[in-house]
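First up is the structure itself, then whatever we jot down about it.
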Amino acid sequence: MLDLSFLGQTILNGLSVGCIYGLIGIGFCVIYNASGIVNFAQGAFVMLGGMITYVLVSLNVPLILAAAITIICVALVGVIIERIVVRPLWDRKATMFVMILATLAAQIVIERATLIVVGDQPKSLPVFTDLPPLRLFGIAIGYQTLWIFGTSIVLIIALGLFFQKTLVGRAMRACAINREAAALQGIQVSHMLALSFALSAGLGAIAGILVTPTQFTAFNVGTPFAISGFIAAIVGGFGRPFGAFLGGLTLGLAQALAVYSLGSGLKNMAALSVLLLFLFLRPSGILGSAK
Amino acid sequence: MTNSPATISSKLMAALRHAPAIAAAGMVAYAIADGGYIVTVVGFGLIYTIFVAGLNIFMGYAGQTSFGQNAFAAIGAYASAVLTATYGWPPLLAALAGIVATAICAFVIGYPTLRLKGHYLAMATLAIGLIIYEVAVQWQSVTNGYMGISGIPALGIGHYELLSDRAQLIFLAIMAVLSLAASWLLRHSRFGRALVALSGSEDAARALGINVRQYKLTAFIISAIYASISGTLFVHIVGFISPEMIGMNMVILAFTMLYVGGIGTTTGPLIGAIVIGLLPESIRSFKDYQDLVYGAALILILIYAPGGIASLDQVVKKLLRTKAPAKEVAP
Amino acid sequence: MIRLRVEHLTKRFGGLVANSDVTFSINAAGVSAVIGPNGAGKTTLFNMISGFSPPTEGRVFFNEQEITGLEPEEIATRGLVRTFQLTQLFQNQSVLENVMIGRHVRTKAGVIGALLRPRWVRDEERQTEQRSHELLDLVGLGAQADMLASTLPYGQQRLLEIARAMATDPQLLMLDEPAAGLNHEETEKLSQIIRRISDLGTTVLLIEHDMRLVMNTADHIVVLNFGRKIAEGSPSHIQADKDVIEAYLGGTEMLDA
C-alpha cells in the first residue's frame with residue numbers, strides 16, 4: 001500500500017514536470033510553424049526564466065512582479081536572438097543546419113554569460129504558495145504542483161483562443177500552413193517570425209519560473225530542458241502545439257517511471273532514450289506530423 | 001599576355017589561397033623550433049586539427065550533420081585511458097582497441113541514425129553526444145565519474161616514450177599532416193566524389209548509381225575514427241580525462257574551428273584549429289570567457305563569412321569584382 | 001530487341017491517380033519520347049521507371065528483366081539512367097568533376113584504394129578523367145571543363161547533365177524535359193546531340209513539352225493524357241491522331257510547334 005502511494009506520487013511528479021516539458025515543446029512548435037526553424041536556443045529561455053526571477057527576488061522584488069518582469073525580459077531576449085542571429089541567416093536563406101548551429105551557439109553564449117554574471121552555484125526560488133501539501137489517498141500534492149497544472153491549463157486555453165480568435169494568431173497559423181500564400185495575403189511573415197520568438201521565449205520563461213521552486217536552476221540547465229521540450233514536440237508530432245503538450249506529459253511520466261524503477265542517475269538517459277526510440281521508430285509522433 | 005593584370009592577379013590569388021595554410025604550418029614549425037609554452041597551445045591545436053578534419057569529411061565533403069562527434073572522441077579517449085592507466089596496456093594497443101571500438105559504435109549508431117533527415121538527424125546526433133557524456137559520468141566503476149581518470153602514461157612504443165614536449169609536438173604534427181593527407185586523398189578519389197555528389201543532391205547521386213546510405217555511413221565511420229584518434233592523443237598528452245572534456249563545448253569549439261578554417265576545404269581544419277587554439281593566448285584571463293567567445297565567434301562567422309579563412313581569396317575576388325566595373329566605367 | 005517494357009503501370013497518391021494502366025515498350029534502337037499536356041503524369045511515369053517512386057500497380061522490365069521496386073542506385077547500376085526536369089548538378093564542383101562523378105558505377109576504387117593509390121587505382125583515375133573529357137567534347141563543353149558548374153549558362157548546364165548521365169555508360173538514357181528553358185538554337189543543338197547519343201548505341205527516352213524537338217528527334221512517341229496512354233506510334237502517325245489533337249486543343253504546346 002505504501003509502495004502504491006509512492007508510485008502515485010511518482011506519477012504525479014512526472015505529470016507535473018511533463019507540463020513543463022510540454023510548455024517548452026509548444027515553444028519549439030510556435031517558432032517552427034512560423035518559420036520552419038528549429039530553435040536550439042529554446043533551453044536558454046527556460047534557464048533565464050528561473051535565473052532572472054531569482055535575481056529579482058533576491059533584490060526583494062515581490063515574486064509576482066519579478067515573474068512578470070522576467071517574462072517580458074526573456075521575451076525580449078527571444079526577439080533579440082531573432083534579430084541578431086536568426087534574421088541575417090534567414091535573409092541569406094542559410095541551410096537548416098547552419099540555423100541549428102547558430103541557435104545552438106546562441107544558447108552557449110547565453111549560458112556562459114549567465115555563468116560569468118551569477119556563478120556556477122545552483123539557485124532556487126521559494127514556492128509560490130507556502131502551505132503544507134494537500135493529501136489525497138496518501139499522495140502529497142504540493143501547491144507548486146497545482147500552480148504548474150493550473151498555469152499550464154490556463155496557458156493552453158489562452159493559446160488556443162489566441163490562434164483561433166485573434167487576427168495575429170490566425171496570421172501565424174496561416175504562416176504555418178503556407179508562408180508564401182500568407183505573404184501574398186499581406187501578412188508580414190518577418191513580423192510573425194519575431195513574434196513567434198517572443199511568444200516562445202515567454203513560454204519558456206514561464207516554464208522556467210514554474211519549475212525552479214521544485215528543483216533548482218543553474219547556468220547549464222537549459223540544454224536538458226531543451227532536449228526534453230524537443231522530445232515532447234516530436235512525440236506529439238512536430239508542429240502541433242497541443243500534441244507537444246501531450247508529448248511533454250508522456251515524457252514526464254516515462255522519465256518518472258524510469259527513475260522510480262532504475263534510480264535517479266538515469267533521468268537524462270531515460271529522456272534521451274525515449275528521444276532516440278521515437279526518432280528511429282516513429283518520427284512522426286503519436287498524433288502524426290503536422291506537415 | 002603574360003604580364004596582363006589578370007594573370008598577375010590570378011597568380012596572386014593562387015598564392016592567397018594557400019597563404020592561410022602556409023601561415024598555420026609556419027606556426028607549427030615555429031612552435032617546434034621555439035619549444036617554449038607555445039608548444040602546449042599548438043599541440044592542442046594539432047589534436048583538434050585531427051578531430052575537425054574528421055568532422056570535415058562527414059560534414060564538409062558529404063554535407064551531413066552531426067552534433068555528436070564528441071561521442072567518438074570520448075570512446076577513443078576513455079578506451080586509451082582505461083586500458084593504459086587501469087589495465088596497464090601499451091598505448092599503441094589501447095589506441096587500436098579504441099579505434100576498433102569506435103568504428104563498431106559508429107556503425108551501430110550510424111546505421112539507424114543516418115536514415116533521419118534535417119532537424120531529426122541534428123537532434124539524434126546531439127542526443128548521442130549527450131548520452132556518452134552521461135555514460136562517462138554514471139559508469140563510475142570504469143570511468144571514475146566526474147573525478148575522471150589520471151595517471152595516463154605518455155605515448156610510446158616499448159621502451160621508447162615521447163617524454164619531451166618537443167618530441168610530442170613533432171609526433172602530433174606528423175599525425176596531423178597524415179590525417180590531412182588522408183583527407184585530401186579521400187576527397188580526390190572516387191570515394192570523395194561520391195561524397196560531394198550526395199552532398200550536392202541525393203537524388204542526382206542515386207540516379208548515377210551511388211549508394212547514398214552506404215557512403216554516408218562510411219563517411220560517418222571514418223569521421224568517428226578521426227575523432228577517436230584525436231581523443232587518444234589528447235589523453236596521452238594531457239595525462240588526464242574527465243567527462244567535462246568531452247561535453248557539448250567540445251562540439252561548439254570544433255564547429256567554430258571548422259567554420260573559421262573553411263568547411264569543405266582540406267586544410268581548413270588546420271587553419272581553424274591553430275587560429276582558434278592561439279586565440280586564448282591573445283586575450284588575458286580568457287579562460288572564463290572562452291566558450292562565450294567561441295560561441296559568439298561562431299555566430300559571427302556563420303552570418304558574415306560562411307566560407308571561413310580558407311576561402312579568403314573568394315572574398316577578395318568578390319571585392320575586386322565589385323570594384324572592377326566601376327573602374328571601367330570611369331573615363 | 002526490347003530495351004524497356006512497362007506493363008499496367010499505375011500510381012495513386014491517396015485519392016489522386018497520377019498514372020493509370022500505362023503499357024508500352026521501347027526498342028533498343030532509336031529515340032523514343034513520352035509526350036502529353038501538363039499534368040499528364042509524365043514525370044511520375046519516369047519516377048516509377050527509375051525507381052524513385054515505386055508504382056502502386058504494374059511492372060517494369062529493363063532488358064527483359066524485372067526492375068520493379070528496385071532502388072534507383074541499383075537501377076542505375078544496371079544501365080538505366082535518368083536526368084531531372086530541374087537540373088540537379090553538383091553546383092560547387094567543376095564541370096569536369098561533375099562528369100567524373102558519373103563514372104562511379106563503372107569504376108571500383110574504395111576507401112583503401114583512395115588512401116594507398118595502387119597502380120590500378122591510378123590507372124582508373126586517369127581513365128575516368130580521359131573518358132570524362134571525351135563526354136564533355138561530345139556535348140560541346142570541352143573548353144569549360146575547369147569552370148564551376150554553377151557558373152555555366154542554363155543551356156550548358158542541361159548539356160552537362162546529359163554528359164554526366166552518359167558517363168555511366170547507360171544502355172537507356174531517360175531525359176526529363178531536356179529542352180525546357182532552351183532557346184531555338186540550343187534546342188537544335190540538343191536534338192543533334194541526342195541523335196548522336198542514339199547513333200552511338202544508347203537508347204534514348206525523353207519526356208518533352210517541346211513538340212519541335214520531339215517531332216525532329218524521336219522515332220517513336222507515346223502520348224499520355226490524364227495519366228493514361230492515349231496514342232502511340234511514329235511522329236507522323238501521332239500528328240494525325242484525333243485523340244492527340246483533341247488533348248492538345250487549346251493548349252499552347254501545339255501552337256509552339
For C:Arg12, are the conditions met, namely being within 11 Å of another protein chain (Cβ to nearest Cβ) and touching a residue at least 12 places away in the same chain (Cβ under 8 Å)? no
Applying the selection to region A:91-117, what residues are in a helix (DSSP H, G or I), modelled with pLDDT under 85 and more than 7 Å from chain B (Cβ to nearest Cβ)? A:Asp91
Just give me the residues in region C:120-139 being closer than 17 Å to C:Gln157 by Cβ and of a type in the set (S, T, N, Q), in sequence order. C:Ser132
Can you find a residue that is within 17 Å of C:Ile207 (Cα to Cα), away from chain B (no Cβ under 14 Å) and buried (at least 19 other Cβ atoms within 10 Å of the Cβ) anywhere in region C:71-80? no
Exactly one condition in (1) surrounded by fewer than 24 Cβ atoms within 10 Å (Cβ to Cβ); (2) at pLDDT 80 or above; (3) within 14 Å of chain B (Cβ to nearest Cβ) is false for A:Gly239; which is it? (2)
In region A:131-185, how many are surrounded by 13 or more Cβ atoms within 10 Å (Cβ to Cβ), farther than 17 Å from A:Leu249 by Cα and not hydrophobic (A, V, I, L, M, F, W, C)? 8
When the residues of region B:224-280 are narrowed to those that are among the aromatic types (Phe, Trp, Tyr) and part of a helix (DSSP H, G or I), which ends up farthest from the chain's Cα centre (by Cα)? B:Phe234
Might you let me know whether region B:117-124 holds any residue that is modelled with pLDDT of 85 or more and charged (D, E, K, R)? no
On the given criteria, is C:Leu70 of a type outside the set (Asp, Glu), free of Cβ contacts under 8 Å to residues at least 12 places away in the same chain and either within 30 Å of C:Ala143 (Cα to Cα) or not in a strand (DSSP E or B) (or both)? no
Contact list, first residue from region A:263-280 and more than 9 Å from every other protein chain (Cβ to nearest Cβ), second anywhere and outside any helix (DSSP H, G or I) and of a type outside the set (A, V, I, L, M, F, W, C), beta-carbon distance below 8 Å, six or more apart or interchain, is A:Phe278/A:Gly285
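Please go through region A:118-137 and pick out each residue that is of a type outside the set (Asp, Glu) and either on the phi > 0 side of the Ramachandran plot or within 12 Å of chain B (Cβ to nearest Cβ) (or both).
Answer for region A:118-137, where residues must be of a type outside the set (Asp, Glu) and either on the phi > 0 side of the Ramachandran plot or within 12 Å of chain B (Cβ to nearest Cβ) (or both): A:Gly119, A:Phe137.
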Just one of the numbered conditions (1) surrounded by 19 or more Cβ atoms within 10 Å (Cβ to Cβ); (2) more than 8 Å from every other protein chain (Cβ to nearest Cβ) is not true of B:Ala167; which one? (1)
Tally up the residues in region C:1-39 that are buried (at least 23 other Cβ atoms within 10 Å of the Cβ) and not in a strand (DSSP E or B), please. 1
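Can we say C:Thr56 is farther than 30 Å from B:Gly192 by Cα and either without any contact (Cβ under 8 Å) to a residue 24 or more places away in the chain or of a type outside the set (D, E, K, R) (or both)?
The answer is yes for C:Thr56.
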If you go through region C:167-208, how many residues are free of Cβ contacts under 8 Å to residues at least 60 places away in the same chain and polar (S, T, N, Q)? 5
All-but-one check, A:Gly18 against (1) more than 16 Å from A:Ile206 (Cβ to Cβ); (2) of a type outside the set (A, V, I, L, M); (3) touching a residue at least 12 places away in the same chain (Cβ under 8 Å), failing number (1)
Consider B:Leu46 carefully, then state whether it is touching a residue at least 12 places away in the same chain (Cβ under 8 Å) and either touching a Ser or Thr at 6+ places or on another chain (Cβ under 6 Å) or closer than 20 Å to B:Asp165 by Cα (or both). yes
Subset of region B:134-164 [out of contact with any Gly (no Cβ under 7 Å at 6 or more places or on another chain) and assigned to a helix (DSSP H, G or I)]: B:Glu134, B:Val135, B:Ala136, B:Gln140, B:Ser141, B:Val142, B:Thr143, B:Gly145, B:Tyr146, B:Met147
Sort out which residues of region B:178-224 are within 10 Å of another protein chain (Cβ to nearest Cβ) and among the charged types (D, E, K, R), and write them in order of number. B:Arg187, B:Arg190, B:Arg193, B:Glu202, B:Asp203, B:Arg206, B:Arg213
Scanning region C:231-253 for residues that are surrounded by 17 or more Cβ atoms within 10 Å (Cβ to Cβ) and not charged (D, E, K, R), the one nearest to the chain's Cα centre (by Cα) turns out to be C:Pro235
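Are any residues in region C:136-161 of a type in the set (A, V, I, L, M) and surrounded by fewer than 22 Cβ atoms within 10 Å (Cβ to Cβ), and if so, which ones?
C:Leu138, C:Ala143, C:Ala145, C:Met147, C:Leu148, C:Leu152
Quick check on B:Ala122: is it within 10 Å of chain A (Cβ to nearest Cβ), out of contact with any Leu (no Cβ under 6 Å at 6 or more places or on another chain) and at negative phi?
yes
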Only one of B:Ile274, B:Ile237 is within 28 Å of B:Ala21 (Cβ to Cβ) and surrounded by fewer than 23 Cβ atoms within 10 Å (Cβ to Cβ), namely B:Ile237
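I'd like the full set of residues that are surrounded by fewer than 17 Cβ atoms within 10 Å (Cβ to Cβ) and part of a helix (DSSP H, G or I), limited to region B:102-133.
B:Ile104, B:Phe107, B:Val108, B:Tyr111, B:Pro112, B:Gly118
The values are calculated or read from the model by the stated rules, or taken from the named source; none is laboratory data. Only a predicted model underlies this, so the values are computations on that prediction, with no experimental measurement involved. Cβ coordinates were reconstructed from backbone atoms using ideal geometry, including for glycine residues, and neighbour counts include every protein chain displayed.
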